[in-house]
Amino acid sequence: MVNTKVDLCGIEISNPIIPASGTFGFGYEFADLYDINMLGTFSFKGTTKDARFGNDTPRIAETPCGMLNSVGLQNPGVEKVISEELPKLKKVFTKPVMANVSGFAVEDYAYTCEKLDSEAQIGWFEVNISCPNVHGGGLAFGTSAKNAELVTKAVKKVTNKPVFIKLSPNVTDITEIAKACEAAGADGISLINTLLGMRIDLKTKKPILANKMGGFSGPAIKPVALRMIYQVYDAVKIPLIGMGGVSTAEDVIEMMLAGATAVQVGAANLVEPYACKNIIEDLPRVMEKYNINNLKDIIGGAHNG
Amino acid sequence: MTQGIYEIKSNICLAPSIFKMIIEGDTGALTMPGQFVNIKIDGLYLRRPISVCDYSDTEITLIYKVVGEGTEIMSQMRDGDTLDVLVGLGNGFDISKCQNTALLIGGGVGIPPLYKLCKDLIGEGKNVKVVLGFNTKSEIFYEDEFKHLGAEVFVTTVDGSYGIKGFVTNAMDIDYDYFYTCGPLPMFKAIENTAKTSGQYSFEERMGCGFGACMGCSCKTKYGNKRICKDGPVLEREEIIW
């Protein structure tokens, strides 16, 4: 009997599988399909201070082994998330949930986190300083160590819950940003957000996305994610949540060997709605195949020797 | 929504670039005309949303146009091949809105979802008039199928090679108390300027998931933001912001 439990900043989760923000809404679409309480937790739709419609459509383009999105943080705003989404979520998910928060100024992040802090179901914050789809917004924060530090400090001031900072891969040295977050008090690092990408339609000879550029995700980005998780694991002591192209139980183990304590599944949920369920059900088989009894023992295992 | 493996019973060319595929499997998740399915295609990452033309207890009829890589691969699939399909997606046409006489207006590959709608309306005892718009005679498909259901059918061709010359709006000066339409956006805009009653439009958009999770296909309406894949693809005339 294998053990899939891991400890995520003092909260034990039954397995390390976490649907990534923006691919799982507030859970109900998936709760219609399977009991989402089998998940370790999930990171809910990126929430901002004010309601946002997001970018014009098309917001989606396909790539080899992946996709681009330029949704642009569509969400009803923190007030409605608290009054409408979280009560509905509570009916289908009984575990602590991860609150994904975005903003356009340091004060926005602090405001939104402070509002959400009193919600008992929120177990962790995941502060997105890396959305590539908002002009002059999130990406600027995630690409500067100084701003990453300011946001981390501001959020830590308004909550005692564990705070993960979600980092952008679109930087020269991700370890510098991770170190700045750790020094500012972050409890963990989530990585990687999407890579900035583009597709062009040969018929119209214009970018497919209305926003021109979008976030690249899917299996194609997994090697980049693994490399960055590996580097950041060496650079900081706080736990990492790894993500980027994860679609199978084997991918989960690979992410953990690189240094992830827990693993998020993003784009896979969109093409295979049962992706997380399938991964969780398959995980014991794959653990046995690779002689892993206790999943938490392999975290960072690729660094040994 | 359900996910299942479906077997291709037939896959034939109806007109240039237009194919009709019949797949066999569980159809229990289909509850109204105008819904769609989302098909996984080996080698491509995102599923392909295809509108449902007709369904029975065991079969789904899909009519699709070859417009890109995914539909090109579909067009080469053979009888007996299997497909991983999400079935019963979207909010389709509401047949209860029509009192007596419905006008169905389809343009090109927008025509297929109107077939099951026509069948259901006639099954409810409604009169159905159908306007089918094409560019030219060689592109015409499903004229006889609609007639066999008992609908009064008008065909328009842009070049006048068959039926009424011009656009679907050239055939809309007839009596009806409600309309339903599916087709390209320029056709919708022309209908919006021509139609005399309430009605429903079925929209198309690039989708990520097709089941409401990713917000990839959102649009603004007078009643708030809606997802084409989940709250649509059918929207009511009164709520649409053009």
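Look through the stretch B:89-146, keep the residues that are outside any loop (DSSP other than H, G, I, E, B) and β-branched (Val, Ile, Thr), and return whichever of them is nearest to the chain's Cα centre (by Cα).
Among residues in the stretch B:89-146 that are outside any loop (DSSP other than H, G, I, E, B) and β-branched (Val, Ile, Thr), the one nearest to the chain's Cα centre (by Cα) is B:109.
Mind listing whichever residues of the stretch B:184-210 are under 28 Å from residue B:85 (Cβ atoms), more than 12 Å from every other protein chain (Cβ to nearest Cβ) and not in a helix (DSSP H, G or I)?
B:184, B:200, B:201, B:202
Within the stretch A:98-123, can you find the residues that are among the basic types (Lys, Arg) and assigned to a loop (DSSP other than H, G, I, E, B)?
none
Looking only at the stretch A:64-97, which residues are outside any helix (DSSP H, G or I) and surrounded by fewer than 19 Cβ atoms within 10 Å (Cβ to Cβ)?
If the condition is that a residue be outside any helix (DSSP H, G or I) and surrounded by fewer than 19 Cβ atoms within 10 Å (Cβ to Cβ), then A:64, A:65, A:77, A:94, A:95, A:96 are the ones that fit.
Taking residue B:194, is it under 16 Å from residue B:107 (Cα atoms) and buried (at least 17 other Cβ atoms within 10 Å of the Cβ)?
no
Taking the stated definitions as given, is residue A:185 out of contact with any Lys or Arg (no Cβ under 9 Å at 6 or more places or on another chain) and either modelled with pLDDT under 95 or not in a helix (DSSP H, G or I) (or both)?
So residue A:185 does not fit the description; no.
Taking the residues in the stretch A:284-295 that are in contact (Cβ under 8 Å) with a residue 60 or more places away in the chain and surrounded by 14 or more Cβ atoms within 10 Å (Cβ to Cβ) as candidates, determine which candidate is nearest to the other protein chains (Cβ to nearest Cβ).
Result: A:284.
Based on what the data block shows, is residue A:281 assigned to a helix (DSSP H, G or I) and surrounded by fewer than 17 Cβ atoms within 10 Å (Cβ to Cβ)?
Yes.
If the Cβ limit is 8 Å and pairs must be 6+ apart or interchain, which residue in the stretch A:124-149 that is at positive phi pairs with which residue that is at pLDDT 65 or above?
A:136/A:104
Checking residue A:54 against (1) on the phi < 0 side of the Ramachandran plot; (2) in contact with a strand residue (DSSP E or B) (Cβ under 7 Å, 6 or more places away or on another chain), only one condition comes out false. Which one?
Failing condition for residue A:54: (1).
Just checking, how many residues over the stretch A:257-278 are more than 15 Å from the chain's Cα centre (by Cα) and either acidic (Asp, Glu) or assigned to a helix (DSSP H, G or I) (or both)?
So the answer is 7.
Of the conditions (1) part of a strand (DSSP E or B); (2) buried (at least 24 other Cβ atoms within 10 Å of the Cβ); (3) over 14 Å from the mean Cα position of the chain (by Cα), residue A:190 fails just one. Which one is it?
The number of the failed condition is (3).
For the stretch A:227-275, which residues satisfy the criterion of being in contact with a Gly (Cβ under 6 Å, 6 or more places away or on another chain) and farther than 15 Å from residue A:192 by Cα?
A:238, A:257, A:270
Yes or no, residue by residue, for (1) among the aliphatic types (A, V, I, L, M); (2) under 19 Å from residue B:205 (Cα atoms):
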| position | (1), (2) |
| --- | --- |
| B:17 | no, no |
| B:31 | no, no |
| B:89 | yes, yes |
| B:95 | yes, no |
| B:98 | no, no |
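With respect to residue B:61, determine if the residue is in a helix (DSSP H, G or I), modelled with pLDDT of 95 or more and crowded, with 18+ Cβ neighbours inside 10 Å.
For residue B:61, the condition - in a helix (DSSP H, G or I), modelled with pLDDT of 95 or more and crowded, with 18+ Cβ neighbours inside 10 Å - is not met.
Table: residues versus (1) out of contact with any Phe, Trp or Tyr (no Cβ under 8 Å at 6 or more places or on another chain); (2) at pLDDT 95 or above; (3) within 14 Å of chain A (Cβ to nearest Cβ).
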{"position": "B:18", "(1), (2), (3)": "no, yes, no"}
{"position": "B:22", "(1), (2), (3)": "yes, yes, no"}
{"position": "B:35", "(1), (2), (3)": "yes, yes, no"}
{"position": "B:38", "(1), (2), (3)": "no, yes, yes"}
{"position": "B:52", "(1), (2), (3)": "no, yes, no"}
{"position": "B:57", "(1), (2), (3)": "yes, yes, no"}
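Across the stretch A:195-236, what is the number of residues that are farther than 16 Å from residue A:71 by Cβ and either assigned to a loop (DSSP other than H, G, I, E, B) or within 22 Å of the chain's Cα centre (by Cα) (or both)?
Residues meeting the conditions: 22.
For the condition modelled with pLDDT of 95 or more, within 26 Å of residue B:49 (Cα to Cα) and touching a Ser or Thr at 6+ places or on another chain (Cβ under 7 Å), what is the one hit in B:87, B:130, B:109?
B:87
Say whether the condition of being touching a residue at least 60 places away in the same chain (Cβ under 8 Å), part of a strand (DSSP E or B) and away from chain A (no Cβ under 14 Å) is met by at least one residue in the stretch B:172-179.
yes
Going through the stretch B:211-237 one residue at a time, which ones are more than 8 Å from chain A (Cβ to nearest Cβ) and either assigned to a loop (DSSP other than H, G, I, E, B) or crowded, with 24+ Cβ neighbours inside 10 Å (or both)?
Scanning the stretch B:211-237 gives B:222, B:223, B:227, B:228, B:229, B:231, B:232, B:233, B:234.
Being over 24 Å from residue A:109 (Cα atoms), touching a Gly at 6+ places or on another chain (Cβ under 8 Å), modelled with pLDDT of 95 or more and facing chain B (nearest Cβ under 9 Å), is that true of even one residue in the stretch A:75-84?
Taking every residue of the stretch A:75-84 in turn, none turns out to be over 24 Å from residue A:109 (Cα atoms), touching a Gly at 6+ places or on another chain (Cβ under 8 Å), modelled with pLDDT of 95 or more and facing chain B (nearest Cβ under 9 Å).
Tally up the residues in the stretch A:237-261 that are over 25 Å from residue A:71 (Cα atoms) and in contact (Cβ under 8 Å) with a residue 60 or more places away in the chain, please.
5
The values are calculated or read from the model by the stated rules, or taken from the named source; none is laboratory data. This is a predicted model, so every value here is computed, not measured. Backbone-built Cβ (ideal geometry, glycine too); neighbour counts: all protein chains shown.
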